[in-house]
Structure formats: structure tokens, C-alpha cells
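The values are calculated or read from the model by the stated rules, or taken from the named source; none is laboratory data. As the structure is a prediction and not an experimental result, all values here were calculated from the model. Backbone-built Cβ (ideal geometry, glycine too); neighbour counts: all protein chains shown.
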Amino acid sequence: MSRLPIRLRLTLAFVVAMAVVLVLAGAILYARLGSSLQEGIDDGLEARSLTLTALVQARGPQLGDDDLSTGDADVFAQVLAPDGKPLAASPSLRDIGRIVAPADVARARSQTIYLERDMPGPVGRSRLLVGPVSTDQGTQVLVVGASLGDRQEALDGLLAQLLIVGPIALLASALAGYLLAASALRPVEAMRRQAADISSERPGPRLPLPAARDEIRRLGETLNAMLERLEAGLARERRFVADTSHELRTPLALLRTELELALRRPRPAPELEASLRSAAEEGDRLIRLSEDLLVLARSDEGGVPLHRTPVAPGEVLGSVARRFSPRAAQEGRTLRIGPASGERIPVDRERLEQALGNLVDNALRHGAGTVELTAERRGGEVAFVVADDGAGFPPEFLPSAFERFARADEARGGGSAGLGLAIAREIARAHGGDATAANAEAGGALITLLVAVHEPSVRTQVAGQSPV
């Protein structure tokens with residue numbers, strides 16, 4: 001059943017439902033007709049019984065068989081003595097004798113009862129009304145009966161009609177159900193054909209939507225939204241691969257050039273050492289770029305793995321400041337630690353220092369003046385803020401500041417791959433927070449790293465294992 005096309009399954013379900021409805025309707029109609037016909041027979045028996053009761057009481061012992069004759073062989077009557085002996089009977093019952101059992105006769109002397117009996121001869125199955133009649137000779141029993149042949153004939157005719165009309169109705173229902181299912185699924189088939197033409201090389205088209213505001217249209221809208229997300233993700237992946245290839249090409253080319261120059265001819269020791277140092281710097285750049293790409297790849301797989309320990313925010317800021325102070329002094333810049341919360345929070349210290357280090361590196365590379373590091377409690381989060389006194393971010397760059405390989409000035413990358421801010425944001429999100437970039441009112445860039453105070457429900461590294 002599950003392997004059949006959906007339109008056939010819908011048709012079969014529709015036919016089964018219609019069959020159940022037709023059977024129930026036919027059974028109710030059959031029962032209702034039988035009940036109605038029996039009520040008519042009972043009303044006739046009661047009317048005949050009233051007439052014959054008056055006749056029996058009026059005629060008394062002079063009552064004869066001809067008095068009970070109706071001219072209709074299907075309607076008959078019989079008068080019984082208290083002991084059940086027939087006193088008078090319709091002509092059709094003269095040779096039959098008693099038609100009611102003694103026990104029923106005894107019961108009928110005190111109340112009126114209905115019986116059904118198979119009568120001999122052409123009368124067949126009959127319905128009897130048996131009741132008491134008070135006469136001068138005592139309580140006699142009057143039996144009035146009518147054949148059920150006409151009722152059964154009417155019921156058999158109805159059953160025959162139902163057996164003829166039912167299959168025709170089911171066939172018509174099957175055809176109507178198939179056409180209805182085909183019409184309902186036509187938009188789905190149109191979407192299927194359109195979806196078959198969509199590929200990674202030809203991602204543009206969207207699924208056609210039916211005019212009706214129904215479930216199929218909502219499904220199509222949902223699928224179109226999914227296609228847009230997939231295309232956006234595919235475009236990001238392609239851009240990521242292209243940017244990665246571009247970023248790797250430059251240090252590799254420089255590294256190869258330095259090595260070729262060092263090997264081209266004999267060089268004095270100082271020149272050879274300078275070439276090797278330059279090659280080592282390019283190698284370090286490749287290592288840093290590979291590590292950054294690995295962090296981003298891990299974040300795409302389900303979040304940056306963390307090794308959490310309780311740490312005071314001031315300790316993290318102090319560690320980052322000590323690491324970058326020599327570089328700041330060399331560049332004539334000031335690195336200052338501002339107010340910091342003393343509350344210990346569960347964080348991956350190494351990852352958090354990596355994120356803050358990226359922000360400080362960005363401030364030293366692209367900013368100017370003093371670089372200030374602060375940490376403050378903001379509700380359920382701690383905000384780590386890195387600010388500088390430079391020109392700040394270009395306004396058009398702020399919306400894409402945390403995108404991978406994004407640079408405020410593509411012409412002056414300064415050796416940066418444009419991954420520092422993206423990695424900082426991924427680390428913040430792994431800690432249940434986020435990262436924001438803005439320009440301070442007094443000038444300069446202002447980057448905020450939010451970290452949840454309480455450990456969020458994200459994937460973390462088991463204690464004792466080194467973070468990736």
C-alpha cells in the first residue's frame with residue numbers, strides 16, 4: 001500500500017470511506033424501511049382487531065367462519081376458546097387448526113402480544129396480533145394475522161437496488177476521487193518538475209506556487225525559503241573557498257620566492273639569515289591562517305568546543321594585555337586595562353583570550369591612540385569591550401564586520417586575512433553570547449564581546465581534554 005502513488009492511495013482511501021458510508025446508509029435505509037412497513041402492518045392488525053373484537057362480542061356463539069373472512073388470503077383471523085380450541089377461523093385457516101401455541105394462548109388471555117409465525121401454504125411468514133376478548137361465554141382469544149410477504153418483497157427490492165446502485169456509486173466515487181486527487185496534487189507535480197531543474201550550477205529558479213492559500217502553497221513558500229537559505233549558504237561556502245585560496249596563495253608564493261632567492265646563488269650569512277627569517281614569518285602566517293580556518297570549520301560543524309573553568313574577567317584582560325604590551329610599546333601605543341568585574345565566570349580561558357587577542361590585534365593594526373580593555377556585568381552576561389582612539393569603522397563596513405575575510409580596506413590588508421573578528425564572534429556565540437561592532441561617539445572603534453554568566457546549553461569540551 002505504501003508503495004502506491006499518493007493519488008492512488010488517496011483514491012483508495014476515498015473509495016473505502018465511500019463504501020463505508022454507502023453500507024451504513026443502505027443498512028439504515030433498509031432497517032428504517034423494514035420498521036416503517038412493520039408499523040403499517042401493526043396498525044392494520046390493530047384496526048382489524050378492534051373491528052373483529054366488536055363482532056365477536058356482538059355475535060357470540062353465532063359467530064361463524066364467514067364472519068372472519070376478509071376476501072384477502074394474506075389477512076386472516078381466528079377465535080380461540082379459553083383452552084385454545086379454535087371456535088371460528090377465516091376460510092384460509094379451516095384445515096390448519098390452531099396457529100398459536102397453548103403457552104402463548106395463556107399469555108394472551110391477560111394481555112395483547114405480537115408473534116411471528118411461518119404459516120403453511122402460500123401465506124408464509126406472518127405477523128400475528130393475539131389478545132383477549134371478553135364475551136358472555138368468558139374470555140376468548142382473538143388472533144388477527146397478516147402475511148409478511150409484501151414487506152419482505154419490498155425489502156428484497158430495496159436490497160437489489162442497493163446492490164446495483166452501490167457499485168455504480170463506488171465506481172463514480174473512485175473516478176471522482178482520482179480526479180480530485182490529481183487536481184489537488186497538480187501543484188505538487190509542478191513543484192517537483194521545477195525542483196528537478198534546480199542544481200548547484202543552476203540555483204536561480206523557485207518552485208511555482210498555487211493561487212490558493214492552502215497547505216500546498218505554504219509548503220512551496222517554506223521550500224522556496226529553504227532554497228534561498230541553501231543558495232546563500234552555498235554562496236558563502238564558495239566565497240569562503242575562493243577567499244581561502246586567495247589568502248593561502250600569497251604567503252605560499254612569498255615563501256617559495258624567499259626560498260628560491262636563498263638557493264639561487266651563494267649568499268653571505270646575513271642575507272641568507274634575513275631570507276630564512278622572512279620565509280619563517282610567512283610560514284607562521286600560514287600556520288595562523290590554518291588554525292583560524294580550523295576554528296571556523298569546527299564552529300560550522302556544531303560550535304567551537306570549549307573547556308570551561310571559573311575565571312575572573314580581570315585575569316583574562318591582564319593576560320591579554322601582557323601579551324600585547326611589547327607590541328603596543330614598540331608601535332608607540334598605550335594598552336590600558338579599565339574597570340573589570342571580579343566575579344568568576346565559567347569560560348574557556350584560552351579561547352576567550354584568543355578572541356580578545358584578535359580584537360586587540362585589530363585595534364593595534366587598524367586603530368590609533370590608546371587601546372582600552374574593560375569588562376562589566378550586563379544582566380546575565382559579561383561584556384568584554386576593546387576600544388581605541390582611531391578613525392573607527394567605515395559605516396558601510398559595520399554590517400559585515402564579523403563576516404569571514406571581511407576587511408574595512410581591501411587595498412591595505414596589512415597582512416590580515418580578515419578572520420579575526422569572525423573567530424571572535426564564533427567564540428562568543430559558543431559561550432552563549434555574541435559580538436558587536438560600533439563607532440564610539442567620541443571617535444574610535446568599539447568592539448564588544450558578550451559572554452553568558454551561566455554556562456549555556458552548547459557543546460563543550462569534557463574537562464581534562466585540550467580544546468581544539
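Of Leu185, Leu142, which residue is touching a strand residue (DSSP E or B) at 6+ places or on another chain (Cβ under 8 Å) and of a type outside the set (S, T, N, Q)? Full working, then the answer.
Working: Leu185 fails: touching a strand residue (DSSP E or B) at 6+ places or on another chain (Cβ under 8 Å).
Step by step, each of Leu185, Leu142 is checked, and only Leu142 is touching a strand residue (DSSP E or B) at 6+ places or on another chain (Cβ under 8 Å) and of a type outside the set (S, T, N, Q).
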Requiring at least 1 residues that are touching a Gly at 6+ places or on another chain (Cβ under 7 Å), the strands (runs of 3 or more DSSP E) wholly within region 325-397 are 335-340, 371-378, 381-387
Can you tell me which residue among Ser49, Ser69, Ser35 is touching a helix residue (DSSP H, G or I) at 6+ places or on another chain (Cβ under 6 Å), of a type in the set (Gly, Ala, Ser) and either more than 29 Å from Ala176 (Cα to Cα) or surrounded by 14 or more Cβ atoms within 10 Å (Cβ to Cβ) (or both)?
Ser69
Being modelled with pLDDT of 90 or more and crowded, with 16+ Cβ neighbours inside 10 Å narrows it down to one residue among Gly40, Gly44, Gly26; which is it?
Gly26
Determine which member of the set Gly131, Gly177 is crowded, with 16+ Cβ neighbours inside 10 Å, farther than 30 Å from Leu50 by Cα, of a type outside the set (A, V, I, L, M, F, W, C) and touching a Leu at 6+ places or on another chain (Cβ under 8 Å).
Gly177
Please verify whether region 62-79 includes one or more residues that are over 25 Å from Gly149 (Cα atoms) and among the aromatic types (Phe, Trp, Tyr).
no
Can you list residue pairs whose Cβ atoms sit under 7 Å apart, with the first residue in region 133-160 being in a helix (DSSP H, G or I) and the second being β-branched (Val, Ile, Thr)? Count only pairs 6 or more apart in sequence or on different chains.
Arg151/Ile41
Taking region 350-362 only, how many residues are at pLDDT 90 or above and either over 18 Å from Val295 (Cα atoms) or of a type in the set (S, T, N, Q) (or both)?
1
From the option list Ser92, Ser134, Ser173, Ser147, single residue qualifying as of a type in the set (Ser, Thr, Tyr) and closer than 30 Å to Arg213 by Cα is Ser173
Filter region 113-157 down to the residues that are of a type in the set (D, E, K, R) and more than 17 Å from Gly44 (Cα to Cα), then identify the one that is modelled with the lowest pLDDT.
Asp136
What pairs can you find where one residue is in region 315-330 and assigned by TED's automatic domain parsing to the domain that holds Leu356 and under 12 Å from Leu373 (Cα atoms), the other is small (Gly, Ala, Ser) and modelled with pLDDT of 90 or more, and their Cβ atoms are less than 8 Å apart, with a gap of 6+ or different chains?
Val316/Ala375; Leu317/Ala375
Any residue at all in region 147-158 that is assigned by TED's automatic domain parsing to the domain that holds Ser69 and closer than 14 Å to Val79 by Cα?
no
